[in-house]
Amino acid sequence: MNRIIKKIKAELESAGIQINGTRPWDVQVKDDRLFEQVVRKGSLGLGEAYMDGWWEAEALDKFFTRVLEAKLEEQFTLKPAYIFEYIKSVITNPQNREKAFEIGDRHYDIGNDLYKIMLDKRMVYTCGYWQKAEMLDEAQQAKLELVCRKIGLQSGQRVLDIGCGWGSFAQYAAEEYGAEVVGITVSKEQVELGRERCKGLPVEIRLQDYREVNEPFDHIVSLGMIEHVGTKNYRTYMETVHRCLDDEGVFLLHTIGSNQSVRTTDPWIEKYIFPNSQLPSIRQLSRAAEGLFVMEDWQNFGVHYDKTLMAWYQNFDAGWDELKSTYSERFYRMWKYYLLSSAGSFRARKNQLWQIVFSKQGIPGGFVPPRYQSKG
């Protein structure tokens with residue numbers, strides 16, 4: 001055990017982190033079983049140990065920023081959990097039609113009360129655009145406006161929103177631009193609340209897998225959904241969009257992106273937060289779109305996700321008193337770990353946030369990308 005502790009201590013110190021130190025990012029060990037579990041189970045063990053209260057850090061986001069900048073996670077890539085997930089991704093299709101609704105059941109359906117407290121007033125569960133924003137509500141409105149500007153949305157046009165969440169984009173596009181929107185999601189709770197929020201607008205919210213859509217649209221957007229599609233289905237996803245998109249239309253894809261092509265996700269994230277998820281890479285997306293689309297624009301504002309996640313955590317933490325009668329203390333630690341470790345990953349530039357604009361035949365005269373334009 002002393003050898004294990006010494007090894008972990010040396011790795012942490014290489015990232016500027018001390019065990020039982022006094023800085024906000026230092027690790028406070030509450031149970032010595034932590035060390036053996038991290039060596040045996042890697043990041044899965046680290047996350048589970050935090051959920052069980054075996055260790056603490058005053059600023060988890062800063063702890064993870066240092067861990068990821070020092071690439072300490074590479075020490076754990078050959079643990080059994082990683083190997084199992086990789087083998088599963090090779091021999092199965094974890095995002096096939098039969099499993100498409102699992103992410104809805106296990107993540108998005110856990111409680112609208114949680115998301116109402118955590119998110120902005122429009123309930124946008126994707127990265128905000130903080131270019132000129134100071135508050136979360138402003139950043140999310142700016143992002144929705146940016147999307148509408150990029151697709152050149154006009155009154156009366158019909159738009160498909162793949163992975164519509166609680167209808168935030170659909171509501172904005174209908175109210176501000178007079179668009180007709182069809183939103184699809186695999187979450188029953190999102191459908192129910194989304195329909196309520198969009199009542200009276202030319203918006204239809206459906207419980208539907210993207211592969212089942214076969215009808216024409218002037219434009220298509222997908223904000224934070226392809227992370228649940230999986231590499232074996234990227235081509236099918238792009239073919240579905242191509243089939244449904246008008247020849248003169250624009251497709252905007254908003255996604256978290258990985259710096260490397262992978263088949264799996266972090267084992268802790270897979271088990272507790274986003275089952276069957278996978279972050280796409282530039283190569284994977286470009287191969288899936290090849291021969292179908294012209295790539296008109298590719299914008300990266302991944303650093304904005306750090307701010308977004310910190311704002312979500314602040315809302316979640318401040319609203320915990322309203323939630324704790326429904327959710328356990330272990331859930332609180334799990335959700336805190338999810339939000340702050342994710343913030344650290346974007347701050348360390350391990351993950352990116354891309355908005356990609358595609359056309360089917362090339363926009364005549366070229367595409368002029370708006371980076372920030374306020375409405376009016």
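FYI, it's all coordinate maths here, none of it is from the lab. Only a predicted model underlies this, so the values are computations on that prediction, with no experimental measurement involved. Don't worry about glycine lacking a Cβ; one is built from the backbone with ideal geometry, like all the others, and counts go over all protein chains shown.
All distinct Cα pairs of segment 2-77 go into the 1/r average, and the inverse of that average, the Kirkwood radius, is 12.2 Å. When both bridge partners sit in segment 94-359, DSSP labels roughly 45% of those beta bridges antiparallel. Dividing the Cα radius of gyration of segment 96-226 by its Kirkwood radius returns 0.95 for Rg/Rh.
Descending by average beta-carbon neighbour count within 10 Å, the peptides 107-113, 333-339 line up as 333-339, 107-113, the highest first. Each residue of segment 33-48 was assigned a 3J(HN,Hα) from its phi angle through the Karplus curve 6.51 cos²θ - 1.76 cosθ + 1.60 (θ = phi - 60°); the sequence is 5, 3, 5, 5, 5, 5, 5, 7, 10, x, 5, 4, x, 4, x, 5 Hz, with glycine and proline shown as x.
Measuring between their Cα centroids, segment 330-357 and segment 272-300 lie 18 Å from each other.
Using only the C-alpha atoms, the convex hull of segment 94-359 corresponds to 116 Å³ per residue.
Between the listed residues Gln284, Val303, Val262, the Cα displaced farthest toward the positive end of the dipole of segment 244-316, a dipole computed from Cβ unit charges relative to the Cα centre, is found at Val262.
Annotation: peptides 117-124, 239-246, ranked by per-residue average of other Cβ atoms within 10 Å with the highest first, follow the order 117-124, 239-246.
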